[in-house]
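Shown next, in structure tokens, is the structure this report addresses.
The values are calculated or read from the model by the stated rules, or taken from the named source; none is laboratory data. Because the structure is a prediction, the values reported are computed rather than measured. Here the Cβ positions follow ideal geometry from the backbone for every residue, glycine too, while neighbour counts run over all protein chains shown. Ligands, DNA and RNA are excluded from the accessible area calculation, which covers all protein heavy atoms including side chains. Shrake-Rupley method; radii C 1.70, N 1.55, O 1.52, S 1.80 Å.
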Amino acid sequence: QVQLVESGGGLVQAGGSLRLSCAASGSIFSINAMGWYRQAPGKQRELVATITSGGSTNYADSVKGRFTISRDNAKNTVYLQMNSLKPEDTAVYYCNADLKYYSGSWIVRDDYWGQGTQVTVSS
């Protein structure tokens with residue numbers, strides 16, 4: 001089985017910074033894209049940023065220039081550095097990974113989500 005475990009959320013004042021981490025563990029064969037999504041109360045889950053295994057990144061317009069996604073392939077970990085935080089960034093942040101894992105003698109591709117970590121930005 002595979003698990004994604006997030007850490008680094010919390011309460012911060014507007015203009016502050018937080019760094020989220022998400023570590024994938026288990027019988028992992030390879031990880032393709034990893035990313036961060038967020039869901040605010042009463043809203044749909046939305047993409048924040050993604051990064052491929054080769055390091056290509058994609059950002060939501062609302063976070064460009066403020067957030068940076070990175071990954072450590074050796075540690076199967078993805079990070080999200082969030083600077084200049086705004087109250088509208090308040091949400092539960094979820095890690096996502098498109099990966100392949102060992103299942104018996106098979107290699108299976110699947111999409112995994114973390115449990116979510118709360119980010120609250122006060123004004």
Selection within the stretch 9-23 - buried (at least 16 other Cβ atoms within 10 Å of the Cβ) and over 22 Å from SER53 (Cβ atoms)
GLY9, VAL12, LEU18
If I filter the stretch 100-114 down to residues being within 14 Å of the chain's Cα centre (by Cα) and surrounded by 15 or more Cβ atoms within 10 Å (Cβ to Cβ), which single residue comes out as nearest to ILE28 (Cα to Cα)?
TYR112
Of the conditions (1) without any contact (Cβ under 8 Å) to a residue 40 or more places away in the chain; (2) loosely packed, with under 15 Cβ neighbours inside 10 Å, ASN83 clears all except one; give me its number.
(1)
Quick one: how many residues across the stretch 40-67 are at positive phi and open to solvent by 80 Å² or more (accessible area, probe 1.4 Å)?
2
Of (1) in contact (Cβ under 8 Å) with a residue 24 or more places away in the chain; (2) over 30 Å from SER105 (Cα atoms); (3) not basic (Lys, Arg), GLY42 satisfies all except one. Which?
(1)
Would you please list the contacts, defined by Cβ atoms under 7 Å and residues six or more apart or on different chains, that run from a residue in the stretch 107-123 that is free of Cβ contacts under 8 Å to residues at least 12 places away in the same chain to a residue that is open to solvent by 50 Å² or more (accessible area, probe 1.4 Å)?
VAL108/LYS100; ARG109/LYS100
Please go through the stretch 68-80 and pick out each residue that is assigned to a strand (DSSP E or B) and open to solvent by 30 Å² or more (accessible area, probe 1.4 Å).
THR68, SER70, ARG71, ASP72, TYR79
Inside the stretch 8-61, can you point out the residues that are closer than 17 Å to THR120 by Cβ, in a loop (DSSP other than H, G, I, E, B) and of a type in the set (S, T, N, Q)?
SER17
Among the residues of the stretch 73-82, are any over 27 Å from LEU11 (Cβ atoms) and β-branched (Val, Ile, Thr)?
no
Checking GLY104, GLY114 in turn, the sole residue that is under 17 Å from ALA40 (Cα atoms) and not acidic (Asp, Glu) turns out to be GLY114
Residues satisfying the stated conditions in the stretch 24-39, i.e. open to solvent by less than 70 Å² (accessible area, probe 1.4 Å) and hydrophobic (A, V, I, L, M, F, W, C)
ALA24, ILE28, ILE31, ALA33, MET34, TRP36
